[in-house]
Amino acid sequence: MDLKTKMSWDISLEKLYDIMTDVVLPLRFVVRILKSVLELSTDLLGRILGSRLVRKHFHLLLSGMLLFGPAFSLWASNYSILTNANNYLYRKFLKSVWGWTFLLSGSFIILLSLSSHCSFFLCLRHLSRIILVGFLWVGCRKGLTLLEDTTGSCYEPVDSHISSSSSSSSSLLLLHEDQTKSSCLRANLQWRGYEVSQEVLVLCLSSLLLVEEISVFGRHVAQMKTPDPSLRIIFLLCVVLLLLWMFLLLCLLAYFPKFPSQQLGGALGYLGWRVLYQGWYQLGPSWSCPGLPEPGPGALLTSKDSEKHKLCVE
C-alpha cells in the first residue's frame, strides 16, 4: 500500500470515528434519561404497591368495582368501540388473561428470586405459587363449564309463517337436547341456564395475584440498592398488566353487565385468593407449601439477601 492510499484510509477512519462519536454521545444521553425515568417510576410504583394500604385493602377496591361497576352502563356510549365484543383489545387480552399473567409474573419471580437467593430450587419453590393458582383456575373453569352444561338448555327461535293475527307465535322456542353451551352458541342458538362469569373470575384472581407477587419489589430495592434494569422493566410491565386487567374488568361491568353472574365470578376469584395467599401459603415453606413472597416464614426476601446478592455478583 503506497503512502497516498494509506493517508486516505487513515482520513476515512478518522471521519468514521467522528461520525460514530457524534451519534453515540446523544444516544448515551437518551439512554441515561430513560434509565433515570425507569428508576424513578419503578421506585415510586414499588413504594405504592408495597404499602400496607394497597396490600391489605386492594381486594376492597375490586369488590367496589364489582358492586358499582354496572352503574357505569348508564353513561356508557353505544357507539364506543368497547361495545364490540370482537374488538382487538378483547380478542388479544381478554381471551388469554391467565397466559399473560403467568408469563409476566413468572418472569418477575424468576428474576427476583435468582437475584436475591442465587438458588434455582428456591426459584422453583416460589414459582410454584402461581403454578398452583393456574391449577386452581383450570379446575374452576372446568367445573363452571360442567355446571353450565348441566343446568342449562339450548333453544332455537321459531320463525312464524302464520298470519299476523297470531302475534305470540314468533316468540316460540324449540328445545334442543344433548347440546353443550359451546356447541349451542357455535350453532347461533340461544342458551339459557345458570352461569358464572369466567372472565370476571380470572381477571379478579389475576389482579390479586399480581399485587401479592410484585408488592415485594419496593423492599427488594431497599435491600439491593441497584436492581438489574431487566427486573425493573418486568416489574413495570407487571404494573401495566395489572392496570389493563382492572380496565378490562371495568369495561365488562359497564358495557356487558350480567347480574349476578359477574359478581359470582368475582366472589370465586376472591375466594381462591383467600384460600391460597391468606390461608395455605401462610403456613410457611415446606414440602407441601411454597410460602409467601413477603417477609415472614418462607419469605422471598430476607435480611440476609443483600449479603447473598454480593456473593452472587462476586
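Computed from the coordinates by the stated procedures, all read-outs in this text should not be read as laboratory data. Not measured: the values here are computed from a predicted model. Quick reminder, even Gly has a Cβ in these numbers, built from the backbone with ideal geometry, and neighbours come from all protein chains shown.
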Nearest-0.05 FRET efficiency for Trp280 and Ser63, computed from C-beta distance (R0 25 Å) | 0.70
Residues whose built amide H sits under 5 Å from the amide H of Asp228, excluding neighbours closer than 5 in sequence, are none
Cβ-defined net charge surrounding Val97, 15 Å radius [Lys, Arg +1; Asp, Glu -1] | +3
A chain fully extended from Leu38 to Ser261 at 0.36 nm per residue, minus the present Cα-Cα distance, gains in nm 76.3 nm
Point-to-point label distance, Asn78-Val240, nm (Cα→Cβ direction, 7 Å offset) | 3.6
Taking the alpha-carbon centre of each part, the distance from the stretch 128-148 to the stretch 44-111 in Å is 19
Can you tell me the alpha carbon radius of gyration of the stretch 166-269 divided by the globular rule-of-thumb value 2.2 N^0.38 Å?
-> 1.68
Net charge (Lys, Arg +1; Asp, Glu -1) of residues whose beta-carbon lies under 11 Å from that of Val196, Val196 excluded, is -1
Given charges at beta-carbon only (K, R positive; D, E negative), |dipole| of the stretch 21-122 in Debye | 160
A chain fully extended from Leu175 to Arg47 at 0.36 nm per residue, minus the present Cα-Cα distance, gains in nm 40.4 nm
Is the shape of the stretch 44-114 rounded, prolate or oblate, going by the alpha carbon gyration tensor and its root eigenvalues a ≥ b ≥ c, with a/c under 1.5 for rounded and a/b larger than b/c for prolate?
-> oblate
What nm value, rounded to one decimal, do you get for the distance between Arg28 and Arg91 when each label is placed 7 Å out toward the C-beta?
-> 4.7
Assign one of three labels to the stretch 91-151, namely rounded, prolate or oblate, based on the Cα gyration tensor with a ≥ b ≥ c the square roots of its eigenvalues; rounded applies when a/c is under 1.5, prolate when it is not and a/b is larger than b/c, and oblate otherwise.
-> oblate
Label Lys142 and Ser119 with points 7 Å out from Cα along Cα→Cβ: what is the distance between them in nm?
-> 3.3
